[in-house]
1. How big is the shadow of the Cα convex hull of segment 74-295, averaged over all directions, in nm²?
2. Report relative contact order for segment 74-295 in percent, whole number only (criteria: Cα-Cα under 8 Å, sequence separation at least 6).
3. Give me the net charge for the shell around residue 236: Cβ to Cβ below 14 angstrom, other residues only, Lys and Arg +1, Asp and Glu -1.
4. I need to check one value: relative contact order of segment 95-185, counting alpha carbon pairs closer than 8 Å and at least 6 residues apart, in percent.
5. Around residue 131, with a cut-off of 15 angstrom between Cβ atoms, what is the net charge of the other residues, counting Lys and Arg +1 and Asp and Glu -1?
Amino acid sequence: MSNPVMDLDKSALAVGRKRAKIGVSQIVAYVFLGLLCLIWIIPIVFGITTSFRSQTEVVSTGFRLLPVNWIMDNYTAILQNTSTAPILRWLTNSIVIATSHTLLVVVVISLTGYGYSRMQFRGRNVLFFTLLGISFFPGVVNLIPSYKIIDALGWVNTSWAMIIPGLAGMGNIFLVRQFMLGIPKDLDESAKVDGASDFRIYFSIMLPLIKPVLIVCALFSFTGSWNDFLWPVIVYTDVDKMPVTAGLLLLQDIYGNYRMIGQLMGSAILAIIPTLALFLFAQKYFVQSINLNSGIKG
């Protein structure tokens, strides 16, 4: 016959070992995450502080996390250069392009996701999965055909070359479609009984319900458009019309040849300020919206 006291001691011992095991695993996880944070943060901090160093200090002191003398000369020179390197114009161009692209993406993917998830037509699933499979090809494969199309439309050196391509990204459409598939179709049927059209159902019922996934797609689209580098370098040759990513490549030739590392780093820091501000403003919505399980069938 078992002894209740001994059984209780064994249970307490097992719980204690489990807690100790969990404690050790948590410590290891925190140490690992802390090291990753240092790997990411130190280069960023070093880049920021380098933008406040004089050129003499940059080339003479080697690696030093904080500058000896904090100066604003690099930023003054950057903002005053409005001819060969108009950084403020580039930032304005990028804001217009990324914002316009994001707004159109939200419209296109929400309408497309509604069509693939709620409307019935022949070959719907075949078409969707065919396009989804094609989207797995590397984007570099489409560079030459895409440029030929842009050139034929007369969009080279215009904002349309950055705004229109990529509006119907299959990754975003897939997320919206899956989210919509998790919404009960009883809502559609009830609305149709009341005489609502497909557009009315989409606008009045679906859009409010899919707001979380649209926020995620909008954030991804904005940052993707802002950080796009290869495509704007190809389609822009006019300095005044360039977005900031293409402008940074030009700055490497302007400042790099003269070893103006501080000004080059200052330009890079200015380029990340809008996306950093967007993240700080929208991180609450992003964290709330990233859980898409409510819109995906199990």
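Read-outs: derived from the displayed coordinates by stated rules, not from any lab. Note that the structure is predicted; figures quoted are calculated from it, not measured. All Cβ positions, even for glycine, are placed from backbone atoms using ideal geometry, and neighbour counts span all protein chains on display.
1. With the hull built on Cα positions only, its mean projection is 14.7 nm².
2. It comes to 37 percent, rounded to a whole number.
3. Result for the local shell: -2.
4. With pairs under 8 Å counted, the relative contact order is 59 percent.
5. Around residue 131, the charge tally is +2.
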